[in-house]
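The values are calculated or read from the model by the stated rules, or taken from the named source; none is laboratory data. All values reported here derive from a predicted model rather than from experimental measurement. Cβ placement follows ideal geometry from the backbone for every residue including glycine, while neighbour counts extend to all protein chains displayed. Only protein heavy atoms, including side chains, enter the accessible area calculation; ligands, DNA and RNA are left aside. Shrake-Rupley method; radii C 1.70, N 1.55, O 1.52, S 1.80 Å.
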Amino acid sequence: MTATVMATAALHAARERFRRDGHVTLAGIFDAARMDAAGADADAFASDVIAGLDAAARAKHVETGGRPRWIDHPVRHRPLFRRLAAAPALVAAVETLIGPGVDVYFSQIFFKPPLDGSPKPAHQDNFYAGPNDPDGLVTAWIALDEATPENGCLEFVDGSHRGPIHPHAAPPGQPHHLQIAAAILDRLAFTAAPVPKGGVSFHHGGTIHRSAANRSARARRAAAITYVTKTTRFDDPRLNYDPAMRLPVT
Ligand SMILES: O=C(O)CCC(=O)C(=O)O
């Protein structure tokens with residue numbers, strides 16, 4: 001048994017918190033052995049990707065410790081992550097939060113090496129994706145390692161999914177770092193969301209979130225899998241989106 005399908009009452013309580021705060025964390029979705037295997041596969045995937053980069057791309061993407069900041073599409077490219085995305089415990093939680101019948105829209109692995117992993121600026125996933133249904137998208141952020149404030153866990157603005165989608169702008173040379181202006185963020189309070197290894201932090205597409213640099217001696221690896229309902233389309237995406245990457249899991 002490597003994943004625990006939670007009791008219905010616990011899932012319903014999680015859905016209430018998700019509706020109120022725009023995010024919720026569930027511990028114990030996966031056991032440590034499965035996370036160790038996923039972490040090893042993430043590292044192997046990173047080595048394969050780095051081997052295929054030219055020098056300029058390597059300088060841009062690789063941090064000290066020899067890991068890229070992130071890699072796209074582990075669910076598409078790695079069978080282990082495909083199985084993780086379809087794990088009954090994870091899919092049951094996702095369907096409780098956004099409704100029955102879901103596809104994986106996008107997936108990424110985020111690496112934060114010890115004392116180095118860089119911050120991810122504040123953003124809203126729905127700005128990036130531009131879904132026709134603002135409630136039709138949830139990101140399941142799986143802690144391959146324990147995530148804490150010291151090693152750069154996610155931080156959320158509680159309830160921000162009920163507010164507007166703010167304008168985002170990218171700093172020069174960093175098109176992937178579309179972010180909300182400091183003048184808006186200065187008015188907002190962020191809550192850190194630590195996640196034990198094998199736990200999952202779920203966030204709504206409208207929830208403002210970010211992560212800090214890793215100031216600890218411990219790595220922080222996470223797999224972020226974004227699920228959408230079957231009727232969710234991307235009418236106004238700000239990032240390139242290849243519909244062929246959409247994968248049904250139910
Ligand atoms: O893991 C991180 O540092 C950023 C993750 C993120 O922004 C997301 O999953 O939407």
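Of the strands (runs of 3 or more DSSP E) that lie entirely inside the range 136-250, those containing 1 or more residues that are of a type outside the set (Lys, Arg), touching a Ser or Thr at 6+ places or on another chain (Cβ under 7 Å) and within 11 Å of the ligand (Cβ to nearest atom) span 137-143, 154-156, 200-204, 220-229.
Scanning the range 207-243 for residues that are farther than 26 Å from residue 144 by Cβ and either of a type in the set (A, V, I, L, M) or touching a Phe, Trp or Tyr at 6+ places or on another chain (Cβ under 6 Å) (or both) returns 234, 238. One residue stands out among those in the range 111-124 that are surrounded by fewer than 23 Cβ atoms within 10 Å (Cβ to Cβ) and within 7 Å of the ligand (Cβ to nearest atom): the one that is farthest from residue 186 (Cα to Cα), which is 120. Which one is modelled with the lowest pLDDT, of the residues in the range 35-60 that are within 24 Å of residue 174 (Cβ to Cβ) and open to solvent by less than 50 Å² (accessible area, probe 1.4 Å)? Selected residue: 57.
Given the structure, is residue 244 under 23 Å from residue 45 (Cβ atoms) and touching a strand residue (DSSP E or B) at 6+ places or on another chain (Cβ under 7 Å)?
So residue 244 does not fit the description; no.
Checking the condition in contact (Cβ under 8 Å) with a residue 60 or more places away in the chain, closer than 16 Å to residue 109 by Cβ and in contact with an Asp or Glu (Cβ under 9 Å, 6 or more places away or on another chain), which residue from 211, 201 passes?
On the way: 201 fails: in contact with an Asp or Glu (Cβ under 9 Å, 6 or more places away or on another chain).
Just one listed residue meets the conditions, 211.
When residues in the range 62-99 are screened for being open to solvent by 50 Å² or more (accessible area, probe 1.4 Å) and either polar (S, T, N, Q) or closer than 17 Å to residue 7 by Cα (or both), 3 of them pass. Among the residues of the range 65-82, those that are outside any strand (DSSP E or B) and not basic (Lys, Arg) comprise 65, 66, 73, 74, 75, 77, 79, 80, 81. Applying the criterion of being touching a His at 6+ places or on another chain (Cβ under 8 Å) and surrounded by fewer than 21 Cβ atoms within 10 Å (Cβ to Cβ) to the residues of the range 207-238, the residue that is modelled with the highest pLDDT is 210.
In the range 92-120, the residues that are outside any strand (DSSP E or B) form Cβ pairs under 7 Å with partners that are of a type in the set (Ser, Thr, Tyr) and crowded, with 24+ Cβ neighbours inside 10 Å, at six or more places apart or across chains, as follows: 94/227; 98/227; 119/211.
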